[in-house]
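The values are calculated or read from the model by the stated rules, or taken from the named source; none is laboratory data. Just so you know, these numbers come straight off a predicted model, no measurement behind them. All Cβ positions, glycine included, derive from the backbone under ideal geometry; neighbour counts span all protein chains shown.
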Amino acid sequence: MREQAPEERIKNFNSVPLGYSAEEAVKEAKRCLQCKNPLCETGCPVRMDVRDIIDLIANEKFEEAFLLSKKDNAVPAITGRVCPQEDQCEGKCILQKQGKAINIGKLFAFVADWAQERKIVEKIQINENGKKVAIVGSGPAGITCAVDLRKLGYEVSLFEALHMAGGVLQYGIPAFRLPRDVVDYELSFLEKMGVNAQLNHIVGQNLKFSELKENYDAIYLATGAGAPKFLKIDGEKLKGVYSANEFLIRVNLMKAYKFPTWDTPIVCGDKVGVIGCGNVALDAARCAKRLGADSVRIFYRRTKEYAPAREEELNHAEEENISCEKMLSPTKIFGNDDGWITGIELVTTKFVGKDKSGRPRPVNEDSLKFEIKLDTLIIALGTTPNRLFLSNVPELDTHSWGGIKTDENFMTNITGVFAGGDALSGGSTVIDAMGNGRDAAEAIDKYLN
């Protein structure tokens, strides 16, 4: 797909991929072999009819392709842009063995954008069943669960702590990967379906959890994993040291990249370091570059082939002159008398055995330390479930690391209260959370019937 040139895109927050034209999309779709047993579909967490959608695109039946994609996916324009397709549908594509898999994600994004331009929407006949479900959290899992339950006739209320629905889609993913107008348009479908979105509602504080239990037949907890992990080393409280969560929330949700047009400031110096090499780390690093940083360096304790970030993001970051420096671990952050960061101490690492994920386990070589000067440090080590919500519902059983405990049907220890998404896993992809939301909707429907 055509993209913005690196030297141009580092000056703006516009989408890097420029999208397929209709002619390009048809040409790409015609590469599909239309396998009798489409392995691509086995890699899709929301179970989309991948083969048939691509066939419709190949035959220029774009409206039908869009409507078929909406059958199983509430937000195809979003997932087409941010799914790790290389590990899911495209990763199963048989053409992968002969060259390059079908560009499934980009095709789905094309057909969703085509429908948006023509104001084509899915027409749904809802037969109200008189039962009410509350969903706490409006991220990918909550949205998907809400849409599926609404289609089944439930009255659905969606409670969101922030001033905008979308969760990580709004605050976590930069506009150059996921344009804001795409998110806003996709989420406007919730209102059209009759989902009652209650923004600025913190369940457990300005709305008691007991009220939800009294007023709804079932509850789905999709509170996400918004609590950042930290390094727990000296200097972490210095000014200029951010968690990736705060940095990205300021940039994305609070529009700091539009300062002073928007009144949210952000401090980003010339020399920026990022700890971690997942998608969040890459997003933060690429934002820093666009905010004017001269040098952006990612410090990672493993080698790049073990990084959890998408290959596309790693390639884009490299094109934007962001370096990924391997086998390094931070041990100390330095600051000046005014409390601002001035640099970081790093130690080299080596592999010793494997960890629980099966990746090589890095350990520090304490004799090999050195210092690097920095103006800004962004810590992107992953996240844990929302502690504020959990502290307000002490009767809910959780794991020691903070995840909510459920049975095989996603029900918690509280009867009629279900949970899913990152609140369960501690952090996953958008599409995995959506798949979890679909499964939970089925379980809730079965429970209430």
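Things worth noting here:
- Region 8-20, subset surrounded by 13 or more Cβ atoms within 10 Å (Cβ to Cβ) and closer than 18 Å to Ile102 by Cα, residue farthest from the chain's Cα centre (by Cα): Tyr20
- Neighbours by Cβ (under 7 Å, 6+ apart or cross-chain): first from region 103-121, among the polar types (S, T, N, Q); second part of a helix (DSSP H, G or I): Asn103/Glu28; Gln116/Ala77; Gln116/Tyr185
- Of the strands (runs of 3 or more DSSP E) lying entirely inside region 332-399, those containing at least 1 residues that are exposed (fewer than 15 other Cβ atoms within 10 Å of the Cβ) and over 29 Å from the mean Cα position of the chain (by Cα) span 341-354, 360-373.
- Matching residues in region 415-444 - criterion: being in contact (Cβ under 8 Å) with a residue 24 or more places away in the chain, of a type in the set (Val, Ile, Thr) and in a loop (DSSP other than H, G, I, E, B): Thr429
- Test: Glu318 is outside any loop (DSSP other than H, G, I, E, B) and either within 30 Å of Lys106 (Cβ to Cβ) or modelled with pLDDT under 95 (or both): yes
- Scanning region 147-189 for residues that are among the aliphatic types (A, V, I, L, M), surrounded by fewer than 23 Cβ atoms within 10 Å (Cβ to Cβ) and assigned to a helix (DSSP H, G or I) yields Val182, Val183, Leu187.
- Only one of the numbered conditions (1) modelled with pLDDT of 95 or more; (2) hydroxyl-bearing (Ser, Thr, Tyr); (3) touching a Phe, Trp or Tyr at 6+ places or on another chain (Cβ under 8 Å) is not met by Thr384, and that is (1).
- Flag for Gly240 being of a type in the set (Gly, Ala, Ser) and closer than 19 Å to Lys132 by Cα: no
- Leading residue by the ranking (farthest from the chain's Cα centre (by Cα)) among those in region 91-132 that are assigned to a loop (DSSP other than H, G, I, E, B) and closer than 16 Å to Cys32 by Cα: Gln98
- Close contacts from region 53-82, counting a first residue that is touching a residue at least 60 places away in the same chain (Cβ under 8 Å) and closer than 15 Å to Ala433 by Cβ and a second that is among the acidic types (Asp, Glu) and not in a helix (DSSP H, G or I), with Cβ to Cβ under 6 Å and a gap of 6+ residues or different chains, come to none at all.
- Of all the listed residues (Asp87, Asp72, Asp49, Asp55), the sole one being at pLDDT below 95, buried (at least 17 other Cβ atoms within 10 Å of the Cβ) and of a type in the set (D, E, K, R) is Asp72.
- The set of residues in region 21-64 that are outside any loop (DSSP other than H, G, I, E, B), under 19 Å from Lys97 (Cα atoms) and touching a Lys or Arg at 6+ places or on another chain (Cβ under 8 Å) comprises Glu28, Leu39, Cys40, Glu41, Thr42.
- Test: residue in region 196-218 that is under 26 Å from Val121 (Cα atoms) and more than 22 Å from the chain's Cα centre (by Cα): yes
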